[in-house]
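Each value in this text was obtained by applying a stated rule to the coordinates, not by laboratory testing. As the structure is a computational prediction, the values presented were derived from the model and not from experiment. Note that we place each Cβ from the backbone using ideal geometry, even for glycine, and neighbour counts take in every protein chain shown.
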């Protein structure tokens with residue numbers, strides 16, 4: 001299998017902060033807004049360098065989204081950030097009516113997504129945010145896998161005209177994608193070519209999928225690993241081409257089964273190339289308190305479970 005080197009664990013939210021600062025230096029129309037969590041969302045560097053382009057909205061997410069839409073109407077490119085739970089579920093009506101329906105140039109920046117938020121527990125974790133954002137017409141949904149990809153995805157979001165949901169996390173995770181790779185919205189990324197099973201992963205699960213690939217290789221199984229960083233619009237062509245070759249698929253995501261990547265892949269395959277699919281996800285449940293590594297293992301979101309799912313999918317061909 002293709003080798004990937006972890007250049008050092010970094011949190012993806014810091015990748016967002018670096019991307020936002022770089023985008024802001026390139027484009028003076030970019031402004032940023034935070035709902036009392038600028039530090040957690042890593043907007044401090046942008047706020048320090050561009051104080052006149054940063055707005056602290058306080059614990060008022062609905063007001064923040066309304067103001068973001070208003071600024072976008074005046075020609076600004078707006079990045080509005082908070083915890084994923086608060087900037088989606090708490091403020092869904094405003095996102096629907098003022099961002100998606102209005103097709104405004106607002107980037108909804110969601111830190112601390114999934115269960116790897118950790119010890120803060122179920123009320124602060126969100127495993128249903130992708131489903132919420134996917135359901136909105138015209139909303140782009142991006143879930144990058146490491147620091148480098150999050151930085152690049154943030155720059156790509158700044159260059160895209162329209163609503164974007166950008167999801168990233170709190171824990172330090174392996175940073176393994178090329179630093180200079182340009183992010184293309186709507187394009188899947190081939191991480192490893194294989195012939196026996198296709199593993200489609202998103203976010204933190206891409207690294208786990210690569211580790212599963214090594215486990216499977218030791219068992220004589222050739223796994224194709226594809227990074228689905230853009231969940232909407234999804235790269236259906238790449239999905240169909242991969243499964244046409246392997247005949248079986250596994251999906252892996254830090255999100256509930258309902259409305260997530262697994263459903264996306266199944267929908268694509270059902271319309272073009274039916275095949276057995278095994279879904280690795282958080283199931284149908286809320287999060288709980290625990291360290292990120294403990295929770296990933298407890299919810300079956302690790303390399304060992306992905307490898308087991310691949311063997312099961314292959315057996316169903």
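Using only the Cα atoms of segment 1-112, build the gyration tensor, take square roots of its eigenvalues as a ≥ b ≥ c, and label the shape rounded, prolate or oblate: rounded if a/c is under 1.5, else prolate if a/b is larger than b/c, else oblate. It comes out prolate by the Cα gyration axes.
Per-residue packing, averaged as other Cβ atoms within 10 Å, sorts the ranges 46-55, 204-213, 279-288 into the order 204-213, 279-288, 46-55, beginning with the highest.
Seen against the Cα atoms of the chain and their longest principal axis, helix 61-73 is set at about 80 degrees. Return one number: the angle in degrees, 0 to 90 and rounded to the nearest 10, between the long axis of the Cα atoms of helix 205-218 and the longest principal axis of the Cα atoms of the chain. Roughly 10 degrees, rounded to the nearest 10.
Going by alpha carbons, how many degrees (0 to 90, nearest 10) lie between the helix axis of 303-315 and the longest principal axis of the chain? Helix 303-315 and the main axis of the chain meet at about 50 degrees. Across segment 136-270 the C-alpha pair distances fall into 5 Å bins from zero in the proportions 2, 10, 21, 23, 21, 14, 6, 2, 0, 0 percent.
Computed from the Cα positions only, the extents of segment 141-204 along the three principal axes stand at 39, 26, 21 Å, in decreasing order.
Hey, any idea what Rg/Rh is for the chain, computing Rh the Kirkwood way over Cα pairs? It would help to have the intermediate numbers written out before the result.
Numbers: Rg = 18.7 Å, Rh = 19.3 Å.
Checking Rg against Rh, the ratio lands at 0.97.
When each of 167, 273, 181, 134 is scored by the number of other beta-carbon atoms lying within 10 Å, the sequence from fewest to most is 181, 273, 134, 167.
Taking the fewest neighbouring Cβ atoms within 10 Å as the starting point, the ordered list for 164, 99 is 164, 99.
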